[in-house]
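What follows is one structure encoded as structure tokens, with my remarks underneath.
The values are calculated or read from the model by the stated rules, or taken from the named source; none is laboratory data. Just so you know, these numbers come straight off a predicted model, no measurement behind them. Note: ideal-geometry Cβ built from the backbone for every residue, glycine included; neighbour counts use all protein chains shown.
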Amino acid sequence: MIPLTLALAFALVQRPDPAALNEAAMKAAAEKREEEAEKLWKQAAEGAPGFFPVLFNLGFFYFSHSRYDQAEPWLARAARARPDDFNSRYLLGTTLVNLDRLEAGLVEWRAALKAQPGNYKLMQIMAVNFSKGRYFKEAAEIARRALALRSDDPNAYFVAITSCQEAGEADAAMEIAHRAVEKFPDSARANFEYGYHLQKLGRSEAAMPYLKKAMAADPSYEEPFYFYGECLMNEDRYEEAVGYLRTSVRNRPDYVMASVTLARALMELERYDEAVRELERVLRLSPKHPQPHLLLSQVYFRMGDEDRAQREKELSQRLRREEPGIMEAPQGRPFRPPPAP
């Protein structure tokens, strides 16, 4: 049972105006009397259904406790009460995204950005989530806007590079990667991004110094080791590639493509048992990924075990049919989401 404090007793008996109830609720919430605060806000909303401070504060109360299903209707009412309010639109968008209603969340974030057109942090959040929703062109456009605002922030470059790449704007991604490495020459990620794009253009020799610098700058960063190993594989330098690929896998044991490439190198060196062990290891972590099974079929074929080779091939094909998007799933290091605006 909720203790009948003076504030609540006053609210129930005197029925003060919504502003007074809101003030009493905020005081109760600050003093961790949360049930009382919730009851006061709801009473205020009953008496004044369109009173913005109460609608927003109750919505924020639920949001701050991750009670998104309860926060959504109150924040929606707050946004209707003040359509140009940034905070209610931003929180409503975030709530909807947390409820797996990405499309509706993006609508609210667009409205929030219209209220604060220069909000850099929201732009970054939107760029990442537009890409998740496959709005790649819009993600690239907003990421470039964010970069223009904050060219001193490395993350602005990295979000823009990825957004442009996903939008099919390879030249723009390459240009931003070049700018990033010039601006942040000691950054592991900047060196990796530029090296990666050079490699994708077939310029492995030019890419390798940047990948090496990225490895030296951050020995725990799995991607430069993987792509450096790929460069060596392209030159048939399998023995050298093994060491770099093993480091990549050691840094990130569930990095499927690094494990597959490592197994390829071992297969080319006729170290078939090692290749099988590596593929079986990564399949324990990612059992539904078709790529290790496909390479296992090739290894078994080379080992002369055609029955196992055929079974692995069929399993790979079945998994690919069941989860066609898995080959498009990002294997690289994800971005840290920017802090809330």
Within the range 259-275, residues being part of a helix (DSSP H, G or I) and without any contact (Cβ under 8 Å) to a residue 24 or more places away in the chain number 2
Can you give me the number of residues within the range 16-31 that are at pLDDT below 90 and among the charged types (D, E, K, R)? 1
Take the residues of the range 70-91 that are surrounded by 24 or more Cβ atoms within 10 Å (Cβ to Cβ) and under 14 Å from LYS114 (Cβ atoms): which is nearest to the chain's Cα centre (by Cα)? TYR90
Please state which one of VAL242, VAL256 is within 30 Å of HIS178 (Cα to Cα) and in contact (Cβ under 8 Å) with a residue 40 or more places away in the chain. VAL256
Filtered residues of the range 243-258 (kept if surrounded by 24 or more Cβ atoms within 10 Å (Cβ to Cβ) and outside any helix (DSSP H, G or I)): TYR255
Near pairs, Cβ below 6 angstrom, 6+ apart or cross-chain, from the range 56-80 (at pLDDT 95 or above) to any residue that is outside any helix (DSSP H, G or I): TYR68/LEU99
If I filter the range 38-47 for residues that are without any contact (Cβ under 8 Å) to a residue 24 or more places away in the chain and over 27 Å from ALA24 (Cβ atoms), do I get at least one hit? no
Being buried (at least 18 other Cβ atoms within 10 Å of the Cβ) and farther than 30 Å from ALA173 by Cβ, is that true of even one residue in the range 93-113? yes
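Considering each residue of the range 172-197, count those that are in contact with a Cys (Cβ under 7 Å, 6 or more places away or on another chain) and under 10 Å from LYS213 (Cα atoms), and give that number.
0
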Quickly run through the range 129-147 and pick out the residues that are at pLDDT below 90, within 24 Å of HIS178 (Cβ to Cβ) and charged (D, E, K, R). none
When only residues in the range 313-341 that are farther than 20 Å from ASP254 by Cβ and either in a helix (DSSP H, G or I) or in the same structural domain as LEU279 (by TED's automatic domain parsing) (or both) count, which is modelled with the lowest pLDDT? PRO324
Checking VAL282 against (1) in contact with a Ser or Thr (Cβ under 6 Å, 6 or more places away or on another chain); (2) not in a helix (DSSP H, G or I), which single condition isn't satisfied? (2)
Looking at (1) at pLDDT 95 or above; (2) over 29 Å from the mean Cα position of the chain (by Cα), can you tell me which one ASN234 breaks? (1)
Which members of the range 187-218 meet the condition of being within 25 Å of VAL128 (Cα to Cα) and among the acidic types (Asp, Glu)? GLU193, ASP218
